[in-house]
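Below is one structure, written out as structure tokens, with a few remarks after it.
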Amino acid sequence: MIARRRSRNRGFTLIELSVVLLITGILAALAVSTYFRMISKARMAQASIVLKHLHKTETVYFSERNAYTDNVTVLDFDPVQYDYYRVTVTVDNTGTDFLGVAEGVGPMAGDRWTIDKDGVPTQDNAARLRF
């Protein structure tokens, strides 16, 4: 006598599908949060680069005129080309020291960077976004 095997429908159970969807959802959430964190870091790197560029142009101006300036058009420095930061320069009364400030706008609002004549860009300790 030949035993007949019943063919069972092969497939996934609802629990198995739910576990796969849950794991996929967790991985997707991690990927999205990492993506946005990297975008913020890239934008913050832009602030550092902007201020280093400002420092170089101020140093060249100081070597030629023996004083710093707060007029960025004289420096041939265009802070408008940077989308996420508003750059301002303040000079002390003697013209021998300056402070460059890059304040975040739009998605980077709350982020603040400074640079002085020593040339080291630093992020404000109270900044909402940290590098």
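Could you tell me the convex hull volume per residue, in Å³, taken over the Cα atoms of region 22-87?
69 Å³
Which of the listed residues, GLY106, GLY11, ALA31, is farthest toward the dipole's positive end in the chain, when Lys, Arg count +1 and Asp, Glu count -1 at the beta-carbon?
In the chain, that residue is GLY11.
Kirkwood hydrodynamic radius for the chain: how many Å is it when counted over pairs of different Cα atoms?
With all distinct Cα pairs of the chain included, I get 18.4 Å.
Once the Cβ-Cβ distance between VAL32 and LYS56 is put in as r, and R0 is 25 Å, what FRET efficiency do you end up with, to the nearest 0.05?
In this case the efficiency is close to 0.10.
Say R0 is 41 Å: what FRET efficiency, to the nearest 0.05, do LEU14 and THR88 get from their beta-carbon distance?
0.10
Quick one: accessible area per residue over the chain, 1.4 Å probe, rounded to a whole number of Å²?
74 Å²
Within region 22-103, report the chymotrypsin sites (Phe, Trp or Tyr not before Pro) that DSSP leaves as loop and that have at most 14 other Cβ atoms within 10 Å.
In loop regions of region 22-103 (DSSP not H, G, I, E or B), there are no sparsely surrounded chymotrypsin sites (Phe, Trp or Tyr not before Pro).
Show SER40, SER63 ordered by accessible area, largest first, where the area counts protein heavy atoms only and the probe is 1.4 Å.
SER63, SER40
The values are calculated or read from the model by the stated rules, or taken from the named source; none is laboratory data. Bear in mind the structure is a predicted one, so any value in this text is a computation, not a measurement. Backbone-built Cβ (ideal geometry, glycine too); neighbour counts: all protein chains shown. The accessibility values were calculated without ligands, DNA or RNA, using every heavy atom of the protein model including side chains. Shrake-Rupley method; radii C 1.70, N 1.55, O 1.52, S 1.80 Å.
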